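Here's the structure, in structure tokens; my notes come after.
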Amino acid sequence: MRITKATANLEAYTPGEQPKSKSVVKLNTNENPYPPSPRCAKVLKDFDLDKLRRYPDPVFTALREEIAALNGTKAENVFVGNGSDEILTLAARAFVENDELIASLNPSYSLYKTLAAIRDVKWVGSPADAAEIDIPKNTSLFLWTNPNAPTGGFVSPKKISAFAKKFDGVVIVDEAYADFAKMNCMALATAVKNRNLIVMRTFSKSYSLAGLRVGYCVGPADLIEALYKIKDSYNVDAIAQAVALAALKDRAYHAKTVKRVVDTRESFTAELRTLGWDVPQSEANFVFARPAKMPASELFAALRERNIYVRYFPGPLTGDRLRITIGTPSEMKKLLSVLKKLKA
Ligand SMILES: Cc1ncc(COP(=O)(O)O)c(C=O)c1O
């Protein structure tokens with residue numbers, strides 16, 4: 001057979017549905033309901049096509065320097081990927097031997113398990129609600145999503161730091177949703193004493209640029225250098241570099257849209273609780289909520305029939321809840337009125 005066993009046996013990752021119709025209320029993939037900064041539109045409009053004739057900057061110098069400045073670190077401590085998903089793939093190659101394990105919270109971002117399977121190593125999950133992380137000794141990469149997905153739960157940087165200090169492998173704090181949270185771990189990643197902790201961010205959520213495919217990470221120079229060594233030569237295209245840079249520089253716009261999403265999250269959480277739903281406090285741009293009366297799987301299907309897309313993850317840890325992305329206030333109002341009609 002020409003296909004490796006690991007690939008042939010792989011249970012591929014299933015991304016959230018991307019419906020064709022624009023008229024659906026799409027609350028299933030944690031995208032931002034607001035457009036990217038108007039500066040991104042300007043960059044695209046003015047983009048010099050001649051730049052596409054040539055290869056892009058392989059080490060994304062301008063973008064990297066801006067990320068470094070924003071986070072109070074040096075360019076040598078910054079890596080940029082074709083989405084943060086690419087950084088995860090590279091980390092699984094750079095930091096894990098064939099007989100070592102990849103671990104994460106459980107439940108968490110389900111791609112981690114798939115990445116381990118692609119890499120043909122074992123994945124192990126440590127219960128997300130447990131007081132301590134419990135993983136085998138030969139774990140060499142721990143992917144700590146904070147705020148967590150799909151739960152929205154948040155762990156203090158202090159706790160993550162204490163874990164990293166005791167851990168021999170590499171900790172990647174996946175902060176895809178951190179801009180919606182009160183605190184983050186960036187200061188741990190930029191600390192002089194840090195030897196094994198990387199913080200990863202994305203432009204897909206708070207910057208409204210999921211379609212652009214740009215993510216970045218900050219960490220110790222030797223770990224960052226390892227990622228550069230194994231990446232594709234031109235992993236971030238010229239347009240993506242320019243648009244991401246423009247988005248990053250428009251700090252005021254970013255802060256404004258993040259605040260809108262957070263405000264809507266808080267009011268939507270309160271409304272769901274009034275309906276009798278169980279809604280744990282979320283620090284992300286989604287809530288992971290248990291309906292008051294209807295089973296989550298049935299409600300998921302009923303909403304879909306009404307052109308409202310949310311996310312349902314079957315299974316013992318997640319199957320009694322729906323993950324609902326925070327949209328605009330009018331989208332949430334529409335959803336709430338349907339939930340009331342369905343007596344969910
Ligand atoms: C926890 C987490 N990490 C990473 C990603 C991937 O982000 P990107 O679009 O940058 O690849 C997602 C996307 O949903 C996510 O939920």
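For (1) in contact with a helix residue (DSSP H, G or I) (Cβ under 8 Å, 6 or more places away or on another chain); (2) in a helix (DSSP H, G or I); (3) hydroxyl-bearing (Ser, Thr, Tyr), each residue gets a yes or a no:
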position: ALA12; (1), (2), (3): yes, no, no
position: PRO15; (1), (2), (3): no, no, no
position: ASN28; (1), (2), (3): no, no, no
position: GLU31; (1), (2), (3): no, no, no
position: ARG39; (1), (2), (3): yes, yes, no
position: LEU52; (1), (2), (3): yes, yes, no
position: ILE67; (1), (2), (3): yes, yes, no
position: GLU76; (1), (2), (3): yes, yes, no
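For the stretch 117-168, name all the residues that are assigned to a helix (DSSP H, G or I), within 16 Å of the ligand (Cβ to nearest atom) and either touching a residue at least 60 places away in the same chain (Cβ under 8 Å) or touching a Gly at 6+ places or on another chain (Cβ under 6 Å) (or both). Across the stretch 117-168, the qualifying residue is only ILE118.
For the structure I just gave you, tell me whether VAL261 is under 23 Å from ARG321 (Cβ atoms), within 16 Å of the ligand (Cβ to nearest atom) and either among the hydrophobic types (A, V, I, L, M, F, W, C) or touching a Lys or Arg at 6+ places or on another chain (Cβ under 9 Å) (or both). Break it down stepwise before answering.
Details: under 23 Å from ARG321 (Cβ atoms): yes; within 16 Å of the ligand (Cβ to nearest atom): yes; either among the hydrophobic types (A, V, I, L, M, F, W, C) or touching a Lys or Arg at 6+ places or on another chain (Cβ under 9 Å) (or both): yes.
So VAL261 passes the test.
I'm trying to understand the selection: among the residues of the stretch 268-303, which are charged (D, E, K, R), under 28 Å from GLY125 (Cβ atoms) and free of Cβ contacts under 8 Å to residues at least 60 places away in the same chain? If you could, list the steps in order and put the result at the bottom.
From the stretch 268-303, those charged (D, E, K, R) are 271, 273, 278, 283, 290, 293, 298; that's our starting set.
Keeping just the survivors that are under 28 Å from GLY125 (Cβ atoms) gives 278, 283, 290, 298.
Within the stretch 268-303, ASP278, ARG290, GLU298 qualify.
Between LEU209, LEU197, LEU188, the distinction of being out of contact with any Lys or Arg (no Cβ under 7 Å at 6 or more places or on another chain) and farther than 19 Å from PHE163 by Cβ belongs to LEU209 only.
Rundown of residues vs (1) more than 16 Å from the ligand (Cβ to nearest atom); (2) outside the structural domain of GLY81 (by TED's automatic domain parsing); (3) within 30 Å of GLU331 (Cβ to Cβ), yes/no style:
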| residue | (1), (2), (3) |
| --- | --- |
| LYS205 | no, no, yes |
| CYS217 | no, no, no |
| LEU223 | yes, no, no |
| TYR228 | yes, no, no |
| ALA238 | yes, no, no |
| LYS256 | yes, yes, yes |
| PRO295 | yes, yes, yes |
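Going by what's in this entry, would ALA189 be described as among the aliphatic types (A, V, I, L, M), within 15 Å of the ligand (Cβ to nearest atom) and buried (at least 21 other Cβ atoms within 10 Å of the Cβ)? It is false that ALA189 is among the aliphatic types (A, V, I, L, M), within 15 Å of the ligand (Cβ to nearest atom) and buried (at least 21 other Cβ atoms within 10 Å of the Cβ). With respect to the conditions (1) without any contact (Cβ under 8 Å) to a residue 60 or more places away in the chain; (2) within 16 Å of the ligand (Cβ to nearest atom); (3) of a type in the set (D, E, K, R), ARG201 falls short on a single one, namely (1).
Looking only at residues of the stretch 77-116 that are within 11 Å of the ligand (Cβ to nearest atom) and of a type in the set (Gly, Ala, Ser), we find that the one that is surrounded by the most Cβ atoms within 10 Å (Cβ to Cβ) is SER104. The single condition among (1) modelled with pLDDT under 95; (2) surrounded by 11 or more Cβ atoms within 10 Å (Cβ to Cβ); (3) within 16 Å of the ligand (Cβ to nearest atom) that THR14 does not meet is (2). Would you check which residues across the stretch 195-210 are touching a strand residue (DSSP E or B) at 6+ places or on another chain (Cβ under 8 Å) and of a type in the set (Phe, Trp, Tyr) and list them? Of everything in the stretch 195-210, just one residue is touching a strand residue (DSSP E or B) at 6+ places or on another chain (Cβ under 8 Å) and of a type in the set (Phe, Trp, Tyr), namely PHE203.
The values are calculated or read from the model by the stated rules, or taken from the named source; none is laboratory data. Fair warning: this is a prediction, and the values are worked out from it, not measured in the lab. When we count neighbours, we look across all protein chains shown, and the Cβ atoms used for this are built from the backbone with ideal geometry, even at glycine.
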